[in-house]
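Everything on this sheet refers to the single structure shown next.
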Amino acid sequence: MSTALARPPLAVWRWFFLVAAAYDMALGLAFLVAGDSILEAIGMAAPPHVAYYQLAAVFVFVQGFSYLVVWRDPAASRGLVWVGVVYKGAYTALAVWYLALGILPSAFFAPWAVADFLFMLGFLWFLRGRWARVAA
């Protein structure tokens, strides 16, 4: 395997983090402004108060914003990438756990777990690169 394939150039990683930012910011914003409609569309009852999903939606949006910080300067943002690894890993693990127990509230959440798992793998791959160690 070539080095170029094993370790993409920093410009590729900038695009990757821009996509990660757009993904989480769009998802967070969607649930922030249309959470009731989304829950209704997937057949889930709305919680007793919008704060139940809006607080989580704001967190997802802010996490996406952190990937914009990484996008601006990936080599200097290793700590934020580690936070992303934990965040993506936690969502994936919890979704898989609920799925294994048969209590995942909707199949709608499974593809997000797959996407987060793939982002987590990408984050870990980035952290293996020389530029991520330089700024550590």
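On the given criteria, is Val33 at pLDDT below 95, out of contact with any Ser or Thr (no Cβ under 6 Å at 6 or more places or on another chain) and not in a loop (DSSP other than H, G, I, E, B)? Break it down into steps so the answer makes sense when it comes.
On the way: at pLDDT below 95: no; out of contact with any Ser or Thr (no Cβ under 6 Å at 6 or more places or on another chain): yes; not in a loop (DSSP other than H, G, I, E, B): yes.
No; evaluated as a whole, the condition is false for this residue.
Determine which single condition Gly122 fails, assuming it passes every other condition in (1) farther than 24 Å from Pro9 by Cβ; (2) touching a residue at least 40 places away in the same chain (Cβ under 8 Å).
(1)
Here is a check on your reading of the model: is Ala76 surrounded by fewer than 20 Cβ atoms within 10 Å (Cβ to Cβ) and closer than 16 Å to Phe17 by Cα? Walk me through how you get there before you give the answer.
Numbers: surrounded by fewer than 20 Cβ atoms within 10 Å (Cβ to Cβ): yes; closer than 16 Å to Phe17 by Cα: yes.
Against the criterion (surrounded by fewer than 20 Cβ atoms within 10 Å (Cβ to Cβ) and closer than 16 Å to Phe17 by Cα), Ala76 qualifies.
Could you tell me whether any residue of the range 18-25 is closer than 18 Å to Phe123 by Cα, within 15 Å of the chain's Cα centre (by Cα) and acidic (Asp, Glu)?
Step one: filter the range 18-25 for residues closer than 18 Å to Phe123 by Cα, giving 18-25.
With within 15 Å of the chain's Cα centre (by Cα) added as a condition, the list becomes 18-25.
Now restrict to residues that are acidic (Asp, Glu): 24.
Yes, the range 18-25 contains at least one residue that is closer than 18 Å to Phe123 by Cα, within 15 Å of the chain's Cα centre (by Cα) and acidic (Asp, Glu).
Can you find, within the range 79-97, the residue that is surrounded by the most Cβ atoms within 10 Å (Cβ to Cβ) among those that are touching a helix residue (DSSP H, G or I) at 6+ places or on another chain (Cβ under 6 Å) and among the hydrophobic types (A, V, I, L, M, F, W, C)?
Within the range 79-97, the subset touching a helix residue (DSSP H, G or I) at 6+ places or on another chain (Cβ under 6 Å) is 80-81, 84-85, 87-89, 91-92, 95.
Then drop every residue that is not among the hydrophobic types (A, V, I, L, M, F, W, C), which leaves 80-81, 85, 95.
Working: Leu80: 18, Val81: 21, Val85: 18, Ala95: 19.
The selected residue is Val81.
Would you point out the residue of the range 21-72, among those that are in contact (Cβ under 8 Å) with a residue 60 or more places away in the chain and of a type outside the set (Phe, Trp, Tyr), that is surrounded by the fewest Cβ atoms within 10 Å (Cβ to Cβ)?
Going residue by residue through the range 21-72, those that are in contact (Cβ under 8 Å) with a residue 60 or more places away in the chain are 23, 27, 42-44.
Those left that are additionally of a type outside the set (Phe, Trp, Tyr): 27, 42-44.
Values: Leu27: 18, Ile42: 12, Gly43: 10, Met44: 14.
Checked the range 21-72; the qualifying residue surrounded by the fewest Cβ atoms within 10 Å (Cβ to Cβ) is Gly43.
From the set of residues in the range 65-109 that are modelled with pLDDT of 95 or more, of a type in the set (Gly, Ala, Ser) and closer than 26 Å to Gly43 by Cβ, which is nearest to the chain's Cα centre (by Cα)?
Here the answer is Ala90.
Right, Gly79: of a type in the set (Gly, Ala, Ser) and outside any helix (DSSP H, G or I) or not? Quick ask: steps written out before the conclusion?
Numbers: of a type in the set (Gly, Ala, Ser): yes; outside any helix (DSSP H, G or I): no.
Against the criterion (of a type in the set (Gly, Ala, Ser) and outside any helix (DSSP H, G or I)), Gly79 does not qualify.
Give the number of residues within the range 36-64 that are in a helix (DSSP H, G or I) and either over 18 Å from the mean Cα position of the chain (by Cα) or among the aromatic types (Phe, Trp, Tyr) (or both). Write out each step before concluding.
Pass one, the range 36-64, residues in a helix (DSSP H, G or I): 36-41, 51-64.
After this cut, where a residue has to be either over 18 Å from the mean Cα position of the chain (by Cα) or among the aromatic types (Phe, Trp, Tyr) (or both) as well, the list is 36-41, 51-53, 59, 61.
Here the count works out to 11.
The values are calculated or read from the model by the stated rules, or taken from the named source; none is laboratory data. Only a predicted model underlies this, so the values are computations on that prediction, with no experimental measurement involved. Cβ atoms come from the backbone with ideal geometry, glycine included; neighbour counts cover every protein chain shown.
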